């Protein structure tokens with residue numbers, strides 16, 4: 001009888017809880033619907049809508065220079081920016097520490113100032129950038145590089161005058177790494193880390209310089 005009574009009490013408690021809704025599980029929360037990734041055609045169209053500054057030449061002429069104009073998309077989710085830069089070649093020359101001296105400011109490309117165009121706020125390194133256009137110049141070193149960002153981008157890349165330096169909205173330090181293979185033509189390469197972050201990599205000769213970019217955390 002004791003076993004029977006315990007079973008009945010348990011059943012009664014279960015019915016009571018069911019009546020009060022206590023045994024019902026909350027309906028699962030709906031998972032957020034992820035935005036579809038941009039197609040290559042959409043990325044290309046967005047990139048073409050951001051104009052590179054070219055001094056005294058057409059885009060076609062700039063692409064035929066000895067250090068031709070190149071463009072690299074920066075994609076965070078459905079937001080697109082890009083980098084415009086002249087792409088020099090090593091041509092059997094020693095680059096890092098020689099053609100690109102350590103300790104000196106460098107335009108980080110050729111011809112016009114290397115330019116970052118963004119239509120959305122980002123943090124590049126530790127520097128908060130509002131939507132707009134910025135020149136990128138650097139101070140290379142064997143163990144550390146300093147990356148500067150300035151709104152003065154519509155200019156020839158050199159000289160990097162006191163005025164250009166004073167206009168910088170900020171700078172950050174980054175550690176270079178050795179590339180897997182010799183890079184003959186300098187390039188900027190975008191390495192995506194998802195919809196909110198990635199790394200812009202400057203690569204030339206046997207050196208890669210990472211520049212992290214992410215959506216602002218605040």
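Return the total of residues in the stretch 166-180 being without any contact (Cβ under 8 Å) to a residue 24 or more places away in the chain and either within 15 Å of residue 199 (Cβ to Cβ) or in a strand (DSSP E or B) (or both).
So the count comes out to 1.
Tell me whether the stretch 156-165 contains one or more residues that are out of contact with any helix residue (DSSP H, G or I) (no Cβ under 7 Å at 6 or more places or on another chain), in contact (Cβ under 8 Å) with a residue 60 or more places away in the chain and closer than 17 Å to residue 199 by Cα.
So far as the stretch 156-165 goes, no, none of its residues is out of contact with any helix residue (DSSP H, G or I) (no Cβ under 7 Å at 6 or more places or on another chain), in contact (Cβ under 8 Å) with a residue 60 or more places away in the chain and closer than 17 Å to residue 199 by Cα.
Per-residue answers, yes or no, for (1) free of Cβ contacts under 8 Å to residues at least 40 places away in the same chain; (2) closer than 22 Å to residue 53 by Cα:
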{"position": "152", "(1), (2)": "yes, yes"}
{"position": "187", "(1), (2)": "no, yes"}
{"position": "194", "(1), (2)": "yes, no"}
{"position": "210", "(1), (2)": "yes, no"}
{"position": "217", "(1), (2)": "no, no"}
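For the stretch 64-81, does any single residue satisfy the condition of being over 27 Å from residue 166 (Cβ atoms), free of Cβ contacts under 8 Å to residues at least 40 places away in the same chain and not in a loop (DSSP other than H, G, I, E, B)?
Scanning the stretch 64-81, I find at least one residue that is over 27 Å from residue 166 (Cβ atoms), free of Cβ contacts under 8 Å to residues at least 40 places away in the same chain and not in a loop (DSSP other than H, G, I, E, B), so the answer is yes.
Does at least one position in the stretch 73-86 carry a residue that is more than 20 Å from residue 191 (Cβ to Cβ) and surrounded by 14 or more Cβ atoms within 10 Å (Cβ to Cβ)?
yes
Within the stretch 97-112, is even one residue more than 23 Å from residue 58 (Cα to Cα), out of contact with any strand residue (DSSP E or B) (no Cβ under 9 Å at 6 or more places or on another chain), touching a residue at least 24 places away in the same chain (Cβ under 8 Å) and surrounded by 14 or more Cβ atoms within 10 Å (Cβ to Cβ)?
yes
Does at least one position in the stretch 48-69 carry a residue that is within 20 Å of residue 199 (Cβ to Cβ), exposed (fewer than 14 other Cβ atoms within 10 Å of the Cβ) and at pLDDT below 95?
no
Give the residues of the stretch 152-190 that are surrounded by fewer than 12 Cβ atoms within 10 Å (Cβ to Cβ), at pLDDT 95 or above and over 25 Å from residue 56 (Cβ atoms), sorted by residue number.
Of everything in the stretch 152-190, those that are surrounded by fewer than 12 Cβ atoms within 10 Å (Cβ to Cβ), at pLDDT 95 or above and over 25 Å from residue 56 (Cβ atoms) turn out to be 166, 175, 178, 181, 182.
Only one residue in 45, 41 is part of a helix (DSSP H, G or I), modelled with pLDDT under 95 and exposed (fewer than 10 other Cβ atoms within 10 Å of the Cβ). Which one?
From the options 45, 41, the qualifying one is 41.
The values are calculated or read from the model by the stated rules, or taken from the named source; none is laboratory data. If you're wondering where the values come from, they're calculated on a predicted model, not measured in any experiment. Glycine gets a Cβ as well: all are built from the backbone with ideal geometry, and neighbour counts include every protein chain shown.
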